[in-house]
Amino acid sequence: LGVSAPAAMDSFGLEVSGASGPSLQAANDFYVSFLGYAQFSSWKLVVDAATQHQDVPMLTLLASCYFGLSGQAALAKEAVEKVECVAPREAAYRTALEAVMVHGDLRKSYDLWVEVVRAYPTDLF
């Protein structure tokens, strides 16, 4: 019987499935850019990270956020639709993003983000 490795935790103390080293750092760097109101172009780092680390669903979800906020709706939709979530937090992100990026329902997305914050009060949003 093998012992599974401990889950990688982001800067909010929340699990990021499949992440380690550079991929976890990329997620944390995106959070800093987002929360610090860094120049929008710096947010793009998550797109490169998601491409390099396709086994980290959170990076693809964050890339979908970037695409949506940068007016690239087709890429946002494509990113969110291809994510296979492992952890409950990722599934919650996917559902909230899917509501707006795929179905165009901003109100439903907002309500779902409120649920994310209730479930994970230290989270990004």
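The values are calculated or read from the model by the stated rules, or taken from the named source; none is laboratory data. Bear in mind the structure is a predicted one, so any value in this text is a computation, not a measurement. Backbone-built Cβ (ideal geometry, glycine too); neighbour counts: all protein chains shown. Surface areas here come from the heavy atoms of the whole protein model, side chains and all, with no ligands, DNA or RNA. Shrake-Rupley method; radii C 1.70, N 1.55, O 1.52, S 1.80 Å.
Taking a Cβ cut-off of under 10 Å around ALA19, the surrounding Lys, Arg, Asp and Glu residues balance to a net charge of -3, with basic ones at +1 and acidic ones at -1. Normalised by the number of residues in the chain, the mean separation of alpha-carbon contacts (under 8 Å, six or more apart) gives a relative contact order of 19 percent. Would you look at the GNM of the chain, springs on alpha carbons closer than 10 Å, and say which of LEU69, LEU97, LEU24 moves the most? Between LEU69, LEU97, LEU24, it is LEU69 that shows the largest mean-square fluctuation. Given R0 = 30 Å, the distance between the Cβ atoms of THR122 and ASP55 translates into a calculated FRET efficiency of 0.80. Only helices enter the 222 nm calculation for the chain: every DSSP H run of n ≥ 4 contributes -39,500 (n - 2.57), and dividing by all residues gives -18500 deg cm²/dmol, rounded to 500. Packing around the peptides 31-39, 54-62, 101-109, taken as the average count of other Cβ atoms within 10 Å per residue, puts them in this order, highest first: 54-62, 101-109, 31-39. Across the accessible surface of the chain, with the other protein chains kept in place and a 1.4 Å probe, carbon and sulfur atoms take up 56 percent.
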